[in-house]
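Let me begin by presenting the structure, written as structure tokens, before commenting on it.
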4 protein chains.
Amino acid sequence: MRILLSNDDGYFAPGLAALAQALAPLADITVVAPERDRSGASNSLTLDRPLMLRQAPGGFYYVNGTPTDCVHLAVTGMLDHMPDMVISGINHGANMGDDTIYSGTVAAATEGYLLGIPSIAVSLANHNAQHFDTAARVVVELVQRIQAQPPAEAMLLNVNVPDRGWVELGGLRVTRLGKRHKAESVVKTTNPRGQIVYWVGAAGLAQDAGEGTDFHAIANGFVSITPLQMDLTRFSQMDSVNAWLKS
Amino acid sequence: MRILLSNDDGYFAPGLAALAQALAPLADITVVAPERDRSGASNSLTLDRPLMLRQAPGGFYYVNGTPTDCVHLAVTGMLDHMPDMVISGINHGANMGDDTIYSGTVAAATEGYLLGIPSIAVSLANHNAQHFDTAARVVVELVQRIQAQPPAEAMLLNVNVPDRGWVELGGLRVTRLGKRHKAESVVKTTNPRGQIVYWVGAAGLAQDAGEGTDFHAIANGFVSITPLQMDLTRFSQMDSVNAWLKS
Amino acid sequence: MRILLSNDDGYFAPGLAALAQALAPLADITVVAPERDRSGASNSLTLDRPLMLRQAPGGFYYVNGTPTDCVHLAVTGMLDHMPDMVISGINHGANMGDDTIYSGTVAAATEGYLLGIPSIAVSLANHNAQHFDTAARVVVELVQRIQAQPPAEAMLLNVNVPDRGWVELGGLRVTRLGKRHKAESVVKTTNPRGQIVYWVGAAGLAQDAGEGTDFHAIANGFVSITPLQMDLTRFSQMDSVNAWLKS
Amino acid sequence: MRILLSNDDGYFAPGLAALAQALAPLADITVVAPERDRSGASNSLTLDRPLMLRQAPGGFYYVNGTPTDCVHLAVTGMLDHMPDMVISGINHGANMGDDTIYSGTVAAATEGYLLGIPSIAVSLANHNAQHFDTAARVVVELVQRIQAQPPAEAMLLNVNVPDRGWVELGGLRVTRLGKRHKAESVVKTTNPRGQIVYWVGAAGLAQDAGEGTDFHAIANGFVSITPLQMDLTRFSQMDSVNAWLKS
């Protein structure tokens, strides 16, 4: 089995190293990740300049581009064989609810999925993430299950793992994405040149964090696994928009 | 009525100017757009540096950030009142099918929608886009309809307009997003320093362009209107993933 | 006469517009300037990606690169004829003393000079610069003098103009560069994500601002004109280094 | 003795590692280098965003900024004590003649010098640089000499080393900077989207490479040591400019 790994924190991130190390006994691993932290990159593709691919002493490849660029370049121009899976992470911090829209971690897995490859994004749900080994073991178990019993249908899974020891995990939950309250306002401040500048504020608190959501699973110590889809069509609204346009 | 305009081609783009001019008789218009071309930016948010807001001689504001940054900053930190609508475009080139995942034009409208504001992304479906006036008039008619008959439910509409004169338009079609074939491979080349570099290749050709899709509408001369949603949960797959995990 | 104009504040800057307007009656003017503010860019050249050249509605060209890139691209790839002069500015704020090392305004003129073209950098010496018309008139008079009486030797002139009305100017002074005290320390602060970040601090105050320096000329209401050279060899120290190495 | 190391190739570059390893027995070493390749950065300072300082597993610090930013931040905000020296390199490729104007390697040393610290820039004069150990040993010998016999005057030395084994070196030469012919023209090409783009071309060939220059020393197998100065005033031209203005 061949697995392509990427992330959005950069090729030097400890979460990526933990993932590569844990998966090495199970599969041929290739790592292609951004040369610098690209958190918040979403699915952005670099169109205005070419990408360079370099290799770090440990063997990881890095690209002067986004997470999406990394997977795109690896699959369509670098690897001799299509990988059997793309796994992105382990992200330093959760990617739940609306975060999935902005996340570079989810984007790297999304690019794999859009290129026809089963893909997993995995995040450790704590801003001071510690237990990368726990998250890595969750991925190992998922990959072993996929090897033993391949799913009938291609999957794009968004996995969030509580930041605690393996024995303290409550098990797996298949979840839907929750919703956050609106993000906090930008933070207006002044730089040392006296110019007004604005920082994008923190993400909003969970709004829909009820039973069945990723927020709820994590809050209760379970691993959250959300199957994602990438067709943004709002089918349920097509009739009403049609009626409204004709009214 | 107050309308916030943005785009991903930059504050100086002719499509944005055409839109602002056409809407000025209908509403109070504020333009906040990227300082440079950010095509392909997707929903990326700038987290590692603060943003600056400046005003061009014509009155348009521009930001050293992404389309998402522009709308986020305008709504959460700059405008005194919430806008009644966010409109993004008129993009130079189509945003159909899987393009919506990568598009900065769609992302600006998405950010408005996630902040609770009805939003429209509008694109002129030709790489050598000419008839911005046609697309602007489509938007004017949509806004007039919204003013006359507000929809019951918040909407995020992705509008693509054929690049032809107004009288040659075939009317409006409510569509689903089509699908593209996989993107073309990266283009491997050498820079003048003898280093190997890779350009992200062109988007794939339409794969699902059948009746009912945005591709089909545009190919037949109709304006395509696709209602979008931003919950990426694949609800239809939750049971099978659950079964697979427990098997 | 053909004059190439550039700057580091961006193609939309009022100082550049004032310069272009004032020089139009005297020469064929081409403007090639950065697409965004590149203050502090020094002589940096963009080597890791190609440059794009676009034209704004008013006719100015802009480049997604540094001031040095702009002049380099214009002279070596875009213009049909070598320009007779390169003029950079009018910068918003002074470029005196050690500032010349970091300045993008000076760098654009330097690139012209290194390509064999007499060049002038011009700056309006006030952070809230108002009298661009005064600085533009100073440049007009210099260009008229060059037209009437071409200098025997190629020149790279660094011109700083007091921010006051033309009639209040005290005349021209040929000056040497003064020296500044060390820059102020970086400003350590925390971003909204709780991360420590550092802003580069303000430039140091003038240390050598005595008679004959650019600082002294400006402080006394004179236009400061400093001829620059680009050979960084410290000839006066070659013997002592030689002796020290052999001791 | 405390030495601050930096470079422009990035904190992960083999030339920097070789330098740090060779100097460790002689001094307390702190490394603060750019997070990515910033070749060609010249003396550019980052003014529009704050810098972040992070530490790699091996202990090296890296900054999301230019070489100048790295030294500036280290000296004015991070280190408890002023370093006794700043050394920048070992650059992958020569920095001779006019290259010194554009070089990020030279710029890092320049920033140390402008902050009052004796500084050395060191480059291995081959685009396929191999003998970093040779260049590192040259630096070790210079540092030992400085420790044994401190120079009377602050120095900024630009050192270029032939890419060969230590025993094949011809000795040290104190040199002046040579001159290059004008750079080659930009390379005009087309990207995969059909847009015209321009790559900055290669540096010009040596024009003044005569006896006494850095080019000449390297071509003949000697280490080239050029003392640099940062006062750009062209004193020799002040009188003629004065006469010309008054004529």
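The values are calculated or read from the model by the stated rules, or taken from the named source; none is laboratory data. These numbers were taken from a predicted model, which means no experiment stands behind them. Because the Cβ atoms are built from the backbone with ideal geometry, glycine has one as well, and the counts that use them run over all protein chains shown. Accessible surface is based on the protein model in full, side chains and every heavy atom, while ligands, DNA and RNA are left aside. Shrake-Rupley method; radii C 1.70, N 1.55, O 1.52, S 1.80 Å.
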*What does the highest-first list of C:111-119, B:89-97 look like by mean Cβ count within 10 Å?*
B:89-97, C:111-119
*Size-normalised alpha-carbon gyration radius of region C:128-247, reference 2.2 N^0.38 Å*: 1.50
_Label geometry 7 Å along the beta-carbon vector: B:His127 inter-copy distances in nm_ = 3.1, 4.4, 4.7
*asked:* How high is the relative contact order of chain C? Use alpha-carbon pairs under 8 Å, at least six apart in sequence, and give a whole percent.
replied: 17 percent
_Could you check the spin-label model distance between A:Ser236 and C:Ser240? Points 7 Å from the Cα along Cα→Cβ, value in nm._
8.0 nm
_Rounded to two decimals, what is the ratio between the C-alpha radius of gyration of region C:57-154 and 2.2 N^0.38 Å?_
1.11
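Considering all alpha-carbon pairs of region A:171-214, what whole percent are spaced by more than 15 angstrom? Could the numbers behind the result be given before it?
Values: 562 of 946 pairs.
The calculated P(r) of region A:171-214 puts 59 percent of pairs beyond 15 Å.
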*Between copies, how far does the label point of A:Val167 sit from its twins, in nm, shortest first, when each point is 7 Å from Cα along Cα→Cβ?*
6.1, 8.2, 9.0
_Quarter of the Cα convex hull surface for the protein assembly as shown, i.e. its orientation-mean projected area (nm²)_ = 40.5 nm²
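For D:Asn126 and D:Arg54 in one chain, what is 0.36 nm times their gap in residues minus the Cα-Cα distance, to one decimal in nm? Provide the component values of the computation, followed by the final result.
Numbers: separation 72, 0.36 × 72 = 25.92 nm, distance 3.06 nm.
Extending this stretch completely gives an extra 22.9 nm.
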*asked:* Below 8 Å, C-alpha to C-alpha, sequence gap of six or more: please give me the relative contact order for region B:28-141 in percent.
replied: 27 percent
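In deg cm²/dmol and to the nearest 500, what is the mean residue ellipticity at 222 nm of the protein assembly as shown if only DSSP H runs of at least 4 residues count, each as -39500 (n - 2.57), divided by the residue total?
Working: 28 runs with 256 residues, N = 988.
Helix-only estimate at 222 nm: -7500 deg cm²/dmol.
Given a Förster distance of 56 Å, report the FRET efficiency between A:Leu26 and C:Arg137 from their Cβ-Cβ distance, rounded to the nearest 0.05.
On the way: r = 74 Å, r/R0 = 1.33.
Result of the calculation: an efficiency of 0.15.
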*Whole-Å semi-axes of the ellipsoid equivalent to chain A (Cα gyration tensor, √5λ, descending)*: 27, 24, 22
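So between A:Asp208 and A:Arg2, what do we pick up on full extension, going 0.36 nm a residue minus the alpha carbon distance? Walk me through the intermediate numbers first.
Details: separation 206, 0.36 × 206 = 74.16 nm, distance 3.74 nm.
This chain segment gains 70.4 nm when fully extended.
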*Calculate how large, on average over all directions, the projected area of the Cα convex hull of region A:1-123 is; give the answer in nm² to one decimal.*
6.8 nm²
_Solvent exposure of region D:18-116 as accessible area per residue, Å², 1.4 Å probe_ = 28 Å²
*Exactly which chymotrypsin sites (Phe, Trp or Tyr not before Pro) in region B:172-246 are in a DSSP loop and have at most 10 other Cβ atoms within 10 Å?*
none
*asked:* At 7 angstrom along the Cα-to-beta-carbon line, where would the label on B:Gln207 sit relative to the other copies? Give the distances in nm, shortest first.
replied: 3.4, 5.6, 6.5
*Hey, got the average number of other protein chain Cβ atoms within 10 angstrom for residues in B:67-76?*
4
*In Hz, Karplus ³J(HN,Hα) per residue of region D:91-105 (6.51, -1.76, 1.60; θ = phi - 60°; x = Gly, Pro)*: 5, 7, x, 5, 10, 10, x, 5, 3, 4, 5, 9, 5, x, 5
_Hits among aspartates and glutamates - C-alpha to C-alpha of B:Lys182 under 19 Å, sequence gap 8 or more where chains match_ = A:Asp69, A:Asp80, A:Asp84, A:Glu111, A:Glu153, A:Asp231, B:Asp98, B:Asp99, B:Asp208, B:Asp214
*What residue in chain A has the Cβ closest to the axis turning A into D, and how close is it in whole Å?*
A:Arg36, 3
